[in-house]
Amino acid sequence: MKSPILLSAVLAWALAAAPHLPAAPDDPPADPDPPAAKAAKRAGAVRSMTFGWPFLDPEKMKVRGGTTAGAEVTLATEPAEAWTRLQETDLSPMEKDRRAILAMAGSYRVSFQFIETMGFTEGYHPSRPYFSWGTEEVRVLEDKERFISLQHTLVMYFKDKDGNESEPMVMKHWRQDWRYEDADLHTYRGNNRWRRAMLPRRTVEGRWTQTVYQVDDSPRYEALGTWKHTHGMSTWASVLSWRPLPRREFSVRDDYNVLECAHTITITPDGWVHTQNNRKLSVHAGMETSCLAREFGINRYERITAPDLTAPADEYYASTGAYWGHVRETWANIYRKYEQFQLRSSYDDRKLYEHHFGYAAELMQGGKKPKIPPRKHARETINAFLVIPGRENRKAPGSQASPSP
């Protein structure tokens, strides 16, 4: 097996923020080679997006996203075993829910599509639609009766201009935790702040929360929702929840600061589909909250049999899994201990994920032990970014600088 690409390449890829692979190129070559021709055909299909704006200048509504070419994939032709198990009769409602959640594990080609559908500001013009795709492995980190944790990992095989395939690039992606009848939530309140929200027992009865974490295991959002299994279809639908701007937005937008979302997850025979109904909010203390636009998103997880995503991911977690376990443990302690907290955007001119990914890259190199033990590094790094009301600033491991808000 080819060795996975990591170290500086991972950090560079993380800065790109998502699997920005063959999106619609602005000017496809006049006489493309076969791989480029296939990408161009895909791009043409993307331009005709559902809920598009048919009377606007197409040049101003070109799909944005990435343009890198990825390796071809082989889609699964048979329903997944998890889908078959989900169709069994005489299951309790809770077991039906659990099997639907576990059915999200596997290897996938993932596509991400977003488009604004309406606006609420004077002179509104929709932002350009967004499309990207990647190949992603979803593995079960933990499976208990009332708790399931799923780790997403991007594993990409790139192609250069000559069609040569690279070694796999591996990057730990987002994580989702599912809790049954969870009454203790930490919800996003804007300005990089999260606050505990306790729900009545009658509100959470028979329902699941989905908690989503960033690539560095810091919090993103938590939402309560209900699984429904009717007519052979299993769908989880959430209530409205706030979340920070997604990576596809915060690098290009500064006119809103909160994404309010109600979303669904639906299991299919060949994977699953995640839809989002988003509201782009401007939220500031002492001012009335305003909605700039509404957006619809659809992310499709299509199960694949090739290329192999599991072996490169296994190799990555063999070296870094214990460290990421310490990171999760540190965050779990923070959730238990604090009613509210805030995160600094950077420390020592680096983002939180850069500190974590840099350390994980050292672990991948092997050889001598790192200067700072994994548990200590995880705890001190997170504490350097953490802002707790009434608590003095902390320093990151090996740092001499003062943290900036």
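Phi angles across the range 352-361 convert, under the Karplus curve 6.51 cos²θ - 1.76 cosθ + 1.60 with θ = phi - 60°, into 3J(HN,Hα) values of 4, 5, 5, 4, 5, 5, x, 5, 4, 5 Hz, Gly and Pro given as x.
Assuming 0.36 nm per residue, please report the length gained on full extension of the stretch residue 311 to residue 266 beyond their Cα-Cα distance.
Value of the extension gain: 13.5 nm.
Projected label points at residue 51 and residue 84, each 7 Å from Cα along the beta carbon direction, are separated by 3.6 nanometres.
Taking the three principal axes of the alpha carbon atoms in the range 177-316, the coordinate ranges are 52, 41, 31 Å, sorted in descending order. Once you reduce the range 173-245 and the range 271-287 to the center of their Cα atoms, the two points are 14 Å from each other.
With both labels modelled 7 Å from their Cα along Cα-to-Cβ, the residue 142 to residue 319 distance reads 2.6 nm. Placing a label point 7 Å from the Cα of residue 197 along the Cα-to-Cβ direction, the residues of the range 149-184 whose backbone N falls under 19 Å from that point are 176-184. Which shape class applies to the range 312-387: rounded if a/c is under 1.5, otherwise prolate when a/b exceeds b/c and oblate if not, where a ≥ b ≥ c are the square roots of the Cα gyration tensor eigenvalues? It comes out prolate by the Cα gyration axes. Using all pairs of distinct alpha-carbon atoms, the Kirkwood hydrodynamic radius of the range 74-199 works out to 18.6 angstrom.
In the structure displayed, which of 96/376; 144/337; 159/280; 144/228; 60/351 lie more than 29 Å apart, Cα to Cα? Check vs 29 Å cut-off fails for 96/376; 159/280; 60/351.
Determine, for 108, 323, the number of other Cβ atoms within 10 Å of each Cβ, and report the residues in order from fewest to most. All intermediate terms of the calculation are to be shown ahead of the outcome.
Working: 108 25, 323 20.
Ascending Cβ contact count within 10 Å gives the list 323, 108.
Taking a Cβ cut-off of under 11 Å around residue 85, the surrounding Lys, Arg, Asp and Glu residues balance to a net charge of 0, with basic ones at +1 and acidic ones at -1.
Values in this text are rule-based calculations from the coordinates and carry no lab data. Please read these numbers as outputs of a predicted model, since none were measured by experiment. Heads up, the Cβs are rebuilt from the backbone with ideal geometry, glycines too, and the neighbour counts pull from every protein chain shown.
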